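Rule-based calculations on the coordinates, nothing more; no lab input. Source: prediction; values computed, not measured. Cβ placement follows ideal geometry from the backbone for every residue including glycine, while neighbour counts extend to all protein chains displayed.
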Amino acid sequence: MHDCLSQIAWRCRLCLCWAAIVAACSLTIGCGRQGYKIAPVSGRLTSQGEPVSEMHVTFQPKLTDIDNPYTGPGSFGRTDSEGRFSLTLGDGTGRRGAAVGKHTVRIIVPDDAASKYTQEGRILSPLPETSADGSLEFEVPPKGTDAANFDF
């Protein structure tokens with residue numbers, strides 16, 4: 001009987017510990033997600049002045065405030081036949097735009113468009129390596145922009 005009671009007590013303590021951890025994480029995450037704003041972002045991707053279609057464009061916010069490490073969700077878009085794109089938040093809400101502030105930008109060939117850019121069994125991006133290596137940056141202004149343009 002004593003062993004049974006000690007097991008029940010141990011399980012109760014374990015449940016209380018997990019509840020405390022979940023509560024602490026919720027408070028931390030909730031507080032960390034404060035302070036970012038979303039603005040509409042669109043632009044055009046070109047190479048030597050010609051539109052580049054079917055490319056995946058991602059914006060990832062850069063950490064600028066160590067006291068607020070959650071700078072907002074990343075955003076993504078896809079270029080159309082004219083090289084134009086509009087960003088959508090990557091948080092699953094389907095909201096348009098990107099977090100206001102500095103971003104790292106990457107432009108890559110998506111898997112479903114790989115056949116368009118495949119030569120001799122290799123996927124070759126029509127853009128230089130710098131388009132995908134994380135060296136591109138863009139600052140999203142508070143009112144948004146329709147001029148997030150990249151020409152290679």
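Couple of notes before you dig in:
- Projected onto its three principal axes, the C-alpha set of the stretch 38-139 covers 49, 26, 23 Å, listed from the longest axis down.
- For the stretch 65-124: rounded, prolate or oblate by the Cα gyration tensor [a/c cutoff 1.5]: prolate
- Pairwise centroid distance, computed over Cα atoms, of the stretch 131-152 with the stretch 100-120, Å: 14
- Summed side-chain charge close to ASP112 - residues other than ASP112 whose Cβ falls under 12 Å, Lys, Arg +1, Asp, Glu -1: 0
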